[in-house]
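Okay, structure first, notes after.
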Amino acid sequence: MGNNKGPWISQQKSDKYYRKSKVDHHRARSYYKLEQIDQKYHVLTSRGRFPKSILDLGAAPGAWLEYIKNQYEKQLQNLKPSKPSYVGIDLRTIRPFEEAPFITSYRYDIFKPECHQFIAENGPWDVILSDLAPKTAGDFRDIAIQEEMVSQVFTFLKYLKNEGNIVVKIFQSEQTDPFVKEWSEKFRLLKRIKPEASRSKSRELYIVGLGYFR
């Protein structure tokens, strides 16, 4: 028997940010999560300039890349244009930004050596973002898989520039505090935030790290 998507579709249509994303013509409601995080912590501008290199993990369908593009284009009104590189990585194909050749995307599995090689060869990065999440099963397996993803993202910090910033999705669990404690030793400022655009019933939080140091 096929999956019943009726309740999920109904929930989507009644969701404030889902409806707003359709009105605003954004790729997904997750656009507003990064927007709210950035407005609070200035992840993209904390160093007084817009990042030249950004790595977005779990990037499909491209909503965070879309936000980055929009903010970069706003900065061009005040700053001399540079040649940025904003890269999205996901298992799924991301529809290209035809009008923004400085945004590219690649299909990689973050647990595979070729992904590590790509990230290393194209780094170091000013900002690393991760909205990675497992396909939801609705039970403890989601948390276990998410913890593996977060641990994997942590290994990519070696490719983050000094004074670089991160945003990483994490599911609230007994491992949250140990993760925060471990990461706080690597950043000038480390905070956890649940954006308003996150669904109230969701376990998701975002770890924001500003000012990476080795």
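Values in this text are rule-based calculations from the coordinates and carry no lab data. Keep in mind the model is a prediction, meaning the values are calculated, not measured. A quick note on method: Cβ atoms are made from the backbone with ideal geometry, for glycine too, and the neighbour counts reach across all protein chains shown.
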Task: Helical contribution to [θ] at 222 nm, DSSP H n ≥ 4, -39,500 (n - 2.57), averaged over the chain, rounded to 500 - done: -10500 deg cm²/dmol
Task: Sorted by Cβ density within 10 Å, fewest first, the residues HIS42, HIS26 - done: HIS42, HIS26
Task: Test item: Cα-centred dipole of the range 41-212, Lys/Arg +1 and Asp/Glu -1 on Cβ, debye - done: 460 debye
Task: GluC sites (Glu not before Pro) restricted to the range 95-164 and DSSP loop, no more than 14 other C-beta within 10 Å - done: GLU98, GLU99
TODO: Provide LEU189, LEU132, LEU210 in ascending order of the number of other Cβ atoms located within 10 Å of each residue's Cβ, fewest first.
DONE: LEU189, LEU210, LEU132
Open item on the list: Please rank LEU205, LEU91, fewest neighbouring Cβ atoms within 10 Å first, as an exposure proxy.
Closed with: LEU91, LEU205
TODO: Go through GLN152, LEU132, GLN39 and say which Cα lies farthest out towards the positive end of the charge dipole of the chain; charges sit on Cβ, +1 for Lys and Arg, -1 for Asp and Glu.
DONE: GLN39
Open item on the list: What lysines does LYS181 reach when the alpha-carbon gap must be under 22 Å and sequence neighbours fewer than 8 apart in one chain are set aside?
Closed with: LYS40, LYS158, LYS161, LYS169, LYS191, LYS194
